[in-house]
Amino acid sequence: MLPAIDIEGQERLLNSRVLIIGMGGLGSPAGLYLAAAGIGHLVLCDFDDVDLSNLQRQIAHTTDDIGLSKVESAKKSFLAINPLINITAINQKLQGDSLLEQVSQADVVVDCCDNFETRFAINDACVQSKTPLVSGAAIRFEGQVSVFNPLDESSPCYNCLYPRDGSIAQTCSENGVIAPITGIIGSMQALETIKVISKAGETLQGRVLLLDGLSMQWQSMQLPRNPKCPSCSNTQAL
Ligand SMILES: [Zn+2]
């Protein structure tokens, strides 16, 4: 019923393959919405098991799932909503060639991980294989979301936004996060993924949205490509 998506857009969703890395606070809502939207093939990647302390924000998992791998638990939840889609569960940390292989096969990569080392590795693989990346992060009362599209050479990448000098290293488990922030950001990642695939509207490419949940203020920041970016400038020159 949405003219911006229509039957054509719905068919694009059905014929697409989306890789979600991280089945935690962001991956749970993102994956639930993408499964329900009818993404034909979801590839889920995580190497962790469900723990009681995850449940306040990782809404794909329930008390009964404690001890299960997060990818198996999430697969079960997503298929309970939409049994007609294909789901591949990868219960390992993707690195190097295995990461590049999965990223290359995806139409869109949704970064729902919780650490910078993985974020940079995912970004490099997306830049190298020219795969659109929907990036989200949440910590304490703050969230951010953006879209990086290496198919468009004017698009910045994640490394244009953050330097890789180790000056930023924070995870939710060390700093805590108020649960609904991950719900908001993960849902926005699902929306941006649907837009990239269905070609509806304008994505967050070239912008970063920042949420301060304590004052409930959004900021939209323009993000140009860094011509000296160590990740995307070399590839662009090739
Ligand atoms: Zn870059």
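FYI, it's all coordinate maths here, none of it is from the lab. Predicted, not measured: the structure shown is a model, and the values here were computed from it. Cβ sites come from the backbone with ideal geometry, for glycine too, and all protein chains shown count toward neighbours.
Per DSSP helix of 4 or more residues, -39500 (n - 2.57); summed, then divided by the residues of the chain. What does that give at 222 nm, rounded to the nearest 500?
-11000 deg cm²/dmol
Go ahead and run the numbers for FRET between MET1 and LEU151, Cβ-Cβ distance against an R0 of 30 Å, rounding to 0.05.
After rounding to 0.05, the efficiency reads 0.55.
Let me know the whole percent of all Cα-Cα pairs from segment 91-238 that are separated by more than 27 Å.
Distances greater than 27 Å cover 17 percent of the Cα pairs.
Sorting check: for 13-24, 55-66, 214-225, which peptide has the highest mean count of neighbouring beta carbons within 10 Å, and how do the rest follow?
13-24, 55-66, 214-225
Any lysines with Cα under 25 Å of the LYS195 Cα? List them, leaving off those in the same chain fewer than 8 positions away.
Excluding near neighbours in sequence, the set is LYS75, LYS130.
Which is the longest part of the chain that has none of the GluC sites (Glu not before Pro) sitting in a DSSP loop with at most 16 other Cβ atoms within 10 Å?
Of all site-free stretches, the longest is 1-152.
Need the full-extension length gain, TYR162 to SER215, defined as separation in residues times 0.36 nm minus the C-alpha distance. One decimal, nm.
Full-extension gain reported as 16.6 nm.
So in the chain, what percent of DSSP beta bridges are antiparallel if you round to the nearest 5?
Among the beta bridges of the chain, antiparallel pairing accounts for roughly 50 percent.
Any idea what the relative contact order of segment 97-190 is, in percent, if you count C-alpha pairs under 8 Å spaced at least 6 apart?
29
Rounded to the nearest angstrom and ordered from largest down, what semi-axes does the equivalent ellipsoid of segment 21-116 get from its C-alpha gyration tensor (root of 5λ)?
In descending order, the three semi-axes are 19, 17, 11 Å.
Could you state the per residue volume, in Å³, of the convex hull enclosing the Cα atoms of segment 80-162?
Considering the Cα atoms of segment 80-162, their hull volume per residue is 131 Å³.
Which one of CYS113, CYS126, CYS160 has the biggest mean-square fluctuation once the chain is modelled by GNM with Cα springs under 10 Å?
The residue that fluctuates most here is CYS160.
Give, as a single signed number, the net charge of other residues whose beta carbon lies under 12 Å from the beta carbon of LEU14, with Lys and Arg counted +1 and Asp and Glu -1.
Every neighbour counted, the sum reads -1.
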